[in-house]
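Trainee: Below is a structure I'd like to ask you about.
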Ligand code: PXP
């Protein structure tokens, strides 16, 4: 199972002062040395955390892979096609939201979404769609012809001790895999709730940010990544 570390909130701290530290490019190096399989950043249209300079430098310097999260907006899609990261994860974006609050609305996404998928795919970028873990969303993603989906784990994360949100996630993962989609998962995953998700056999990639960056304030970033890696491995070991 791949662990991609989302370093947006390293940039959030920097942007709080509009200065040059902490630098997400340096953070990426530490994450990689601590065992991250990839680095994820979200270049938001409002540039509230990650800046164009960050994505350019990350694309040029990281040794693992870059997963660029972006909205289906022509401006950001243009940047992505030029930088050609390994993977682009299309996400919905609303300016007033604190974080990405739900999966993509694939039915209302229309031409904008199709154009984004088309441009990114033509640039040789692996496209993943961030969707809610519902049968409809999985079917709609399949119909759009992408190779991968990232299942939104937000509802699970908010109610992770309840059986229902977990079953919803596990069922969506099984359905997506059966339809030939690669299955990723993320949003709101923490040191407390990650193990059951890591134990869902169809899930091959996790994207985790806020919890790792939060812990890094106390433990350092390398230790925070290693601790998360160990929990992901613990979840995976349950499959044996
Ligand atoms: N996956 C996607 C598509 C996201 O938009 C985010 C948040 O940027 C994450 C994963 C990571 O969420 P968190 O920061 O809560 O771990």
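Derivation of every value follows stated rules applied to the coordinates shown; laboratory data play no part. As the structure is a prediction and not an experimental result, all values here were calculated from the model. Positions of Cβ are backbone-derived with ideal geometry, glycine not excepted, and every protein chain shown enters the neighbour counts.
Trainee: When all alpha-carbon pairs of region 7-104 are counted, what percent fall beyond 20 Å?
Mentor: For region 7-104, the fraction of Cα-Cα distances above 20 Å is 34 percent.
Trainee: Let me ask something additional. Could you tell me what % of all Cα pairs in region 55-182 have separations over 23 Å? All intermediate terms of the calculation are to be shown ahead of the outcome.
Mentor: Working: 2753 of 8128 pairs.
Here the long-distance tail beyond 23 Å is 34 percent of all Cα pairs in region 55-182.
Trainee: Per q in 0.26 Å⁻¹, report the Debye log10 I(q)/I(0) for region 1-48, using one uniform scatterer on each alpha carbon and no solvent.
Mentor: -0.95
Trainee: How are the C-alpha pair distances of region 71-127 spread across 10 Å bins, as whole percents from the shortest bin up?
Mentor: Calculated over all Cα pairs of region 71-127, the distribution is 24, 53, 23, 1 percent.
Trainee: How would 167, 128, 73 line up from fewest to most surrounding beta-carbon atoms within 10 angstrom? Display every interim value, and only then the final one.
Mentor: Values: 167 12, 128 26, 73 15.
Ascending Cβ contact count within 10 Å gives the list 167, 73, 128.
Trainee: For region 1-28 and region 185-240, compute the distance between their C-alpha centroids and round to whole Å.
Mentor: 18 Å
Trainee: Using only helices, what value at 222 nm comes out for the chain when you add -39,500 (n - 2.57) per DSSP H run of length 4 or more and divide by the total residues, to the nearest 500 deg cm²/dmol?
Mentor: Details: 11 runs with 119 residues, N = 240.
Result for the chain: -15000 deg cm²/dmol, rounded to the nearest 500.
Trainee: State, in angstrom, two size descriptors of region 118-186 derived from its alpha carbons: Rg to one decimal place and Dmax to the nearest whole number.
Mentor: Taking only Cα atoms of region 118-186, I get Rg and Dmax of 12.6, 42 Å.
Trainee: Okay, next question. Would you calculate the separation in nanometres between label points at residue 204 and residue 162, each defined as 7 Å from the Cα along the Cα-to-beta-carbon direction?
Mentor: Result for the modelled spin labels: 3.2 nm.
Trainee: Right, next: Could you compute Rg(Cα) / (2.2 N^0.38 Å) for region 124-240, with N its residue count?
Mentor: On the way: Rg = 14.3 Å, N = 117, 2.2 N^0.38 = 13.4 Å.
Compactness ratio reported: 1.07.
Trainee: Let me ask something additional. If you project the alpha carbons of the chain onto their three principal axes, what span does each projection cover, largest first, in Å?
Mentor: Its Cα atoms span 44, 41, 32 Å along the three principal axes.
Trainee: Please compute P(r) over all alpha-carbon pairs of region 181-238, binned at 10 Å starting from zero, and give each bin as a whole-number percent.
Mentor: 25, 55, 19, 2
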